[in-house]
């Protein structure tokens, strides 16, 4: 089992829809959770982080964390073509002291 | 303010040659990380520095890879006797604490 798992996609949604990106992790000692966006040929860009169970909203983005289920998700409301990118989930493990990245989910928002 | 910078942006080298990749972190960031990303793949952790010391070198793929950081700032990743499988984008990130990492633009290494 990979430490951080994401569906590679592509996830295709129409413009204006809600895109839901999911991530599961194996280390119950994980403390902090991050979502990075990576456009093709570019480096990852931090867009959201969440430390506590529940929801955290920032503009069109909402991060959701459920530590009991070892599950973190990212919702993008009113998806735009400019949101088309690969979204990387990253989990900070207190056991290893490392930030572990998933393989990423490719999102395609179609006009 | 200035972000993380990396040089060179692109490097083409012949198999067997040594290469040095440089990373300038965000000013004041104490932690610095090196990752490798092969085409279509996720991020592979290589090494991280807290100040000038490297508590975790476990991600370095082989003894051909080494890294150092001086003055709590600039870091250099050196790959000796490069092999074709070393071709990838090498990304550097820095952070004020160990959590929120900010990435540089990367160095695309091609070994021919």
Worksheet item: Going by the structure shown, is residue A:105 closer than 17 Å to residue A:11 by Cα and within 13 Å of the chain's Cα centre (by Cα)?
Response: yes
Response to the item:
Going through (1) under 25 Å from residue A:104 (Cβ atoms); (2) free of Cβ contacts under 8 Å to residues at least 24 places away in the same chain one by one, residue B:64 fails only at (1)
Worksheet item: Pick from A:68, A:19, A:85, A:90: which is farther than 30 Å from residue B:49 by Cα and crowded, with 21+ Cβ neighbours inside 10 Å?
Response: A:19
Discussion item. Quick test for you: out of B:57, B:17, pick the one residue that is surrounded by fewer than 19 Cβ atoms within 10 Å (Cβ to Cβ) and in contact (Cβ under 8 Å) with a residue 24 or more places away in the chain.
Written reply: B:17
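Name the strands (runs of 3 or more DSSP E) wholly within region A:6-111 that hold at least 3 residues that are over 22 Å from residue B:33 (Cβ atoms)?
Fully inside region A:6-111 and qualifying: A:11-14, A:19-25, A:54-58, A:61-66, A:71-76, A:105-110.
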Worksheet item: In this structure, is residue B:109 at pLDDT 95 or above, buried (at least 20 other Cβ atoms within 10 Å of the Cβ), in contact with a helix residue (DSSP H, G or I) (Cβ under 9 Å, 6 or more places away or on another chain) and closer than 19 Å to residue A:43 by Cβ?
Response: yes
Worksheet item: Which ones in region B:15-37 are touching a strand residue (DSSP E or B) at 6+ places or on another chain (Cβ under 6 Å) and closer than 23 Å to residue B:111 by Cβ?
Response: B:15, B:19, B:20, B:21, B:22, B:23, B:33, B:34, B:35, B:36, B:37
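Assess whether residue B:44 counts as being closer than 19 Å to residue A:91 by Cα, within 14 Å of another protein chain (Cβ to nearest Cβ), assigned to a loop (DSSP other than H, G, I, E, B) and in contact with a strand residue (DSSP E or B) (Cβ under 7 Å, 6 or more places away or on another chain).
It is false that residue B:44 is closer than 19 Å to residue A:91 by Cα, within 14 Å of another protein chain (Cβ to nearest Cβ), assigned to a loop (DSSP other than H, G, I, E, B) and in contact with a strand residue (DSSP E or B) (Cβ under 7 Å, 6 or more places away or on another chain).
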Discussion item. Yes or no: region A:39-54 includes at least one residue that is buried (at least 20 other Cβ atoms within 10 Å of the Cβ) and touching a residue at least 40 places away in the same chain (Cβ under 8 Å).
Written reply: yes
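The values are calculated or read from the model by the stated rules, or taken from the named source; none is laboratory data. In this text, all values refer to a predicted model and were calculated from it rather than measured experimentally. As a convention, Cβ positions derive from the backbone with ideal geometry for all residues, glycine included, and neighbour counts pool all protein chains shown.
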